[in-house]
């Protein structure tokens, strides 16, 4: 337990590199949460992203099992996670494109099967591995290498969105019209899913699998209340994500509580507040 | 009109979904500059026909030629006004930004200096003062006119409107047809509607998705003559049929 002053001194102190790393991780992931979260929100694929993020546990479980039993020595869990994320993105993406009416069932199936595979393999892994540490993550375990990977993904996502902003916006707003304009809407959709899947794998280290989906939707949802354009929503959502993760980190330090959960509670309360304020404003305007 | 190039040509087109035959032996064409109405009751296959025209579906048999090419090659020359019924009201976007979408292409980034063409397209639908307004704040009829502006911004060779007057208030409908009357003759116009009895007085010819053929379980396209009515519309004479492949002049004088 500390207070806010000790949090800020820990942030700049060389004795607590993990606090500084956590702060930078929050800042770097805010860009991903802000940009991808806005795309996921306007494209209404939050449930798809949810399924991908949970299915990742299957890959982590298999990787841990293969590594611990010596079948594939030193296999990092992240490799399994990325393979499962991309596979589930491909399966869900294909189901969504080919058979809209089955999409829901496929999403739920992949969500459940992925998680169950993870739990099963972790149970059979020699030594101790706890699924909940992957579900809820631990930002204080972030390494410098993780930060570089986050930075690299930030740069890739910024370039992709800057270069193809209009195509992404048109596809999300009116897919059929975008197709008539010659935009390869299926490719755009599958690339969005694949990039989101990879981001989910990196971000789950920060706030955990369960909470990635909350941070992909809550800041963007909050930003959506006042934004006049998708670009404005992306910028506002990035700023909100940064504020929520910093406040969550500080609150976690002050109350000695899990940071990931604090971040999401902060984001959730703020979102609900905006929702309520918006409803009241509408009601007042009608009266 | 017959000297003008053919804008759209269906030759013996059939189309089926995996478990459902929809259209068979559809043959018709019309020329550049014509104002065409395509009518048919709900569920008759109008949307399927539109998808074939726009290259969003491929015919099971036969060929579709749009502006002399396969639709996938020439559809970017089309100004398409969809119904856009599943629109998301929380999508953050301004009216001008929606219109600008009409000049987006497959992969390039935005070119500079498009503000003028956007303003011009908005003035064509009499909405020049609303460019900065959020799209979601407009009425249904105004939104439909914004989609018309979006279709016009790229100066299309042909305009296709899917149920343009559906859920539209009188004022918006009047303004829409004002816009279409200024384009008539210059731009080829195809409107799709479920109103079987009458069409706008601007319409030159009408194609109708025929009643279901009990034997084949499919429908085809036929042409009916039009009769002018005093209230500024034209009545579709369903009791008389003209071969769908017959041209404007032949229908008028033949």
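Some points to look at:
- Only Cα pairs under 8 Å and 6+ residues apart enter the sum, and on that basis the relative contact order of the stretch B:117-254 stands at 17 percent.
- The Kirkwood hydrodynamic radius of chain A, based on inverse pair distances between different Cα atoms, is 19.7 Å.
- For the stretch A:118-187, projected area of the alpha-carbon convex hull averaged over all directions, nm²: 8.0
- One Cα centroid belongs to the stretch A:147-213, the other to the stretch B:59-120; the line between them spans 22 Å.
- Alpha-carbon centroid distance for the pair the stretch A:1-66 / the stretch B:130-149, whole angstrom: 39
- Spin-label pair residue A:232/residue B:212, simplified geometry with 7 Å Cα→Cβ offset, distance in nm: 4.9
- Cα shape, the stretch A:79-165, gyration tensor, a/c 1.5 rule: oblate
- Here r is the Cβ-Cβ distance between residue A:12 and residue B:228 and R0 is 60 Å; the resulting FRET efficiency, rounded to 0.05, is 0.10.
- Separation of the residue A:257 and residue B:246 label points, Cα + 7 Å toward Cβ, nm: 8.0
- Our summary gives chain B a relative contact order of 26 percent, counting only alpha carbon pairs under 8 angstrom and 6 or more residues apart.
- The mean sequence distance of close C-alpha pairs (under 8 Å, at least 6 residues apart), as a share of the length of chain A, puts its relative contact order at 30 percent.
- Calculated mean residue ellipticity, 222 nm, chain B: -6500 deg cm²/dmol, from DSSP H runs (n ≥ 4) at -39500 (n - 2.57) each, averaged per residue and rounded to 500.
- The largest-to-smallest principal axis extents of the Cα set in the stretch B:1-120 are 45, 40, 27 Å.
- Distance between the 7 Å Cα→Cβ label points at residue A:280 and residue B:6: 6.6 nm.
- Computed per residue of chain A from DSSP H runs no shorter than four, each worth -39500 (n - 2.57), the mean residue ellipticity at 222 nm is -28000 deg cm²/dmol.
- For the protein assembly as shown, the convex hull drawn through the C-alpha positions has a volume of 185 cubic angstrom per residue.
- Chain B: radius of gyration and largest Cα-Cα distance (Dmax), Å: 18.3, 57
- Rounded to the nearest 0.05, the FRET efficiency derived from the C-beta distance between residue B:76 and residue B:115 at R0 = 30 Å is 0.90.
- Over all directions, the projected convex hull of the C-alpha atoms in the stretch A:160-287 averages 9.7 nm² in area.
Bear in mind that the values in this text are calculations on the coordinates, not laboratory data. None of these values were measured; they are calculated from a predicted model. All Cβ positions, even for glycine, are placed from backbone atoms using ideal geometry, and neighbour counts span all protein chains on display.
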